[in-house]
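The values are calculated or read from the model by the stated rules, or taken from the named source; none is laboratory data. Worth saying up front: this structure is predicted, and the values here are computed from it rather than measured. Cβ: placed from backbone, ideal geometry, glycine included. Neighbour counts: every protein chain shown.
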């Protein structure tokens, strides 16, 4: 971990290197729980369901979310 006087490393310009850099920086600071992942899954499922029935091409009665 960098000390108070250390200059932070710059984000790389390369896409893959930048992704790895970002993942490394955030991974140490952000804790994602199983409950967080379950909530994200439910939100995504509701969003997909809403898009499928929004234009009327799929009947709402034919779309459902199955809990695992």
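Figures for the structure shown
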| item | result |
| --- | --- |
| Pair list, Cβ < 6 Å and 6+ apart or interchain, from segment 49-65 residues that are free of Cβ contacts under 8 Å to residues at least 24 places away in the same chain to residues that are surrounded by 13 or more Cβ atoms within 10 Å (Cβ to Cβ) and assigned to a helix (DSSP H, G or I) | 58/52; 60/53; 63/49; 63/52; 63/53; 65/45 |
| Residue that is nearest to residue 67 (Cα to Cα), among those in segment 15-40 that are at pLDDT 80 or above and assigned to a loop (DSSP other than H, G, I, E, B) | 33 |
| Condition broken by residue 58, with the remaining ones in (1) at pLDDT below 85; (2) in contact with a helix residue (DSSP H, G or I) (Cβ under 7 Å, 6 or more places away or on another chain) satisfied | (1) |
